[in-house]
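Here is the structure we will look at.
The values are calculated or read from the model by the stated rules, or taken from the named source; none is laboratory data. Keep in mind that this is a model prediction, so the values were computed, not measured. Every residue, glycine as well, gets a Cβ built from its backbone with ideal geometry; the counts of neighbours run over all protein chains shown. Surface accessibility is based on the protein's heavy atoms, side chains included, excluding ligands, DNA and RNA. Shrake-Rupley method; radii C 1.70, N 1.55, O 1.52, S 1.80 Å.
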Amino acid sequence: MRDKALFNATRRQILTAGGGAVLISSLPLSAFADEADLLRARTDLFGDRPIQEERVTVKLPPIAENGHSVPLSVSVDSPMTDDDYVKQIAILSPRNTLPLIGQFHLTPFSGKAQVSTRIRMSGTQAIQAVAEMSDGSLWAGSTETVVTLAACVVL
Amino acid sequence: MMRWVFASGLVFVAGCMSEADNPDSAIIAKEDLQSGFSFLTAETQRLQTDEFENPAYLWVDRGADLFTHSTDASPACASCHKDGLVGVAAQYPKFHESSGELLNLEGRINQCRTEHQGQAPWAYESDELLSITAYVAEQSKGMPIDIEVSEAMQPYVDKGRDYFLTRRGQFNLSCQQCHTENWGTQLRGDTISQGHGNGFPAYRLEWQLIGSLQRRLRDCDTGVRAEPLPYGDPTYLAVELYLATRANGLEIETPAVRR
Amino acid sequence: MTGIRLSVPETAARGEVVEIKALLRHPMESGFRRGSRGEVIPRDIITRFECDLDGTLVFASDFHPAIAANPLITFHMRATESGVLTFRWTDQNGEVWSDTASIAVT
């Protein structure tokens, strides 16, 4: 016979101690980026050229159970021919310590504008991908992922 | 507000197992046994089952290399174990009559190193020991854990069971309270697993590395704010054996991916 | 060598777009984590990945600290001619890891 009463009694202790854990684990090691940092990083890369929110699809799981390794896939609507191809895709975060996650450089040999990797996400956020085409035009897309907190955070 | 967050993250729902025919209440009925795999998100499951993308295979590759090539004068593992070690990991931890000790797979590999290869044992969590243990265990992937408890092993099983049932740490929680009584329920963002070691050494997203079952046990102890035991501690060995008996019949998944 | 896993089809039809995967064992230590004594763990990351076919660049990537440990990268290539693909990872200090794979285009 399991003793539910005893288990419930410890729940209060978990709540108290767990509260401490949440507070500690949410203390930033260094300041997180915000939307303004993302925009600054984007300007550093592409200047003030106009960006159209089209043609770029960012695929991320709706929920990530651990922010250390989240599968990311980006695809861009492009024929990928010798004179019309995606030159670069930049992955940007509005919440990580650094807003620039990575850059992919494609060539006409790439054949298909689709790239996948695994990224770190320090919390729930919308990851943005900006694609620069061979004609210099810029396109963007973004997707939000909820990053959940693990049960027992080992500090 | 904070209080509400904690409360909602800690919804404990009553366990759902029958204990009728089970003399050991910490044992989960065979038909309810579920690997940690079934408590992962689809994306993490895919990472495990994709034998290219599963990062733990980077260590399995190194293990294969260590197994087949000797880096010094000592004979390579493969010079004796010509056909590999298929099925061996499913029987560990095992009591070794000759030496009179209980050995986990890591311990058995180190016994080979010291007795047959004239080498110093590899340290716990060293890259070499993790790699070769993962390589050997991977050869049993898909085979059910098959532990037969002999008379000599019973005291170790009892000791491991005792650890499993004992409340510890600031949270005053036993392994049993989460992993037998509340598996399948939510603890913050996680679904509580049944606490089986059938995927270890495993790649944990948390570690961003492969690690041993004892590292996992140390993290569990730390998680309930208890002082973890040192690597290789006889009590952890006994816990490993108890966990294996508790997981009897579950398939080996090494190298698994876990949260 | 161990520590690198490559997935490249051995053969491809001319003009076919093939999927290529490359995995490197590397901690990608961000430089933002602290050890058990509160000390900052220094940054140690791969900063550049390149793949070329007999010297012609097919794909490259710049990695920053938010690329996950043991970086995996999946990209594509239009198979135009047979050759040797060279995969090269360079870390922040200029150290290089590399491996090759052949592809036969028919």
Between chains A and C, what is the buried accessible area summed over both chains (1.4 Å probe, protein heavy atoms, nearest 100 Å²)?
-> 2400
Honestly segment A:31-147 on the Cα gyration tensor test (a ≥ b ≥ c root eigenvalues; a/c under 1.5 rounded, otherwise a/b vs b/c for prolate or oblate) is just oblate
For segment B:57-138, what percent of Cα pairs sit more than 22 Å apart?
-> 17
Taking only C-alpha pairs under 8 Å that are 6+ residues apart, what is the relative contact order of chain C in percent?
-> 33
Can you tell me the alpha carbon radius of gyration of segment A:55-101 divided by the globular rule-of-thumb value 2.2 N^0.38 Å?
-> 1.43
Percent relative contact order of segment B:57-138, based on C-alpha pairs within less than 8 angstrom and at least six residues apart?
-> 43
With a ≥ b ≥ c taken as the square roots of the eigenvalues of the C-alpha gyration tensor of segment B:129-259, please select rounded if a/c is under 1.5 and otherwise prolate if a/b is larger than b/c or oblate if it is not?
-> rounded
Please give the net charge around A:Asp135, taking every other residue with its beta carbon less than 15 angstrom from that of A:Asp135, where Lys and Arg add +1 and Asp and Glu add -1.
-> -3
With charges only on Cβ, +1 for K and R and -1 for D and E, what is the dipole size of chain C about its Cα centre, in debye, rounded to 20?
-> 420
Restricting to segment A:31-147, what percent of DSSP beta bridges are antiparallel, rounded to 5?
-> 90
From the square roots a ≥ b ≥ c of the eigenvalues of the alpha-carbon gyration tensor of the protein assembly as shown, which class results: rounded (a/c under 1.5), prolate (a/b over b/c), or oblate?
-> oblate
Mind putting a number on the dipole of segment B:36-164 about its Cα centre? Charges go on the C-beta only, +1 for Lys and Arg and -1 for Asp and Glu, and I need it in Debye to the nearest 20.
-> 120
Put +1 on the Cβ of each Lys and Arg and -1 on the Cβ of each Asp and Glu in the protein assembly as shown; which of B:Val224, A:Phe104, B:Ser131 then has its Cα farthest toward the positive end of the dipole?
-> B:Val224
When all C-alpha to C-alpha distances in chain C are sorted into bins of 5 Å, what percent of pairs does each bin hold, rounded to whole numbers?
-> 3, 12, 22, 21, 15, 11, 8, 4, 3, 2, 1, 0
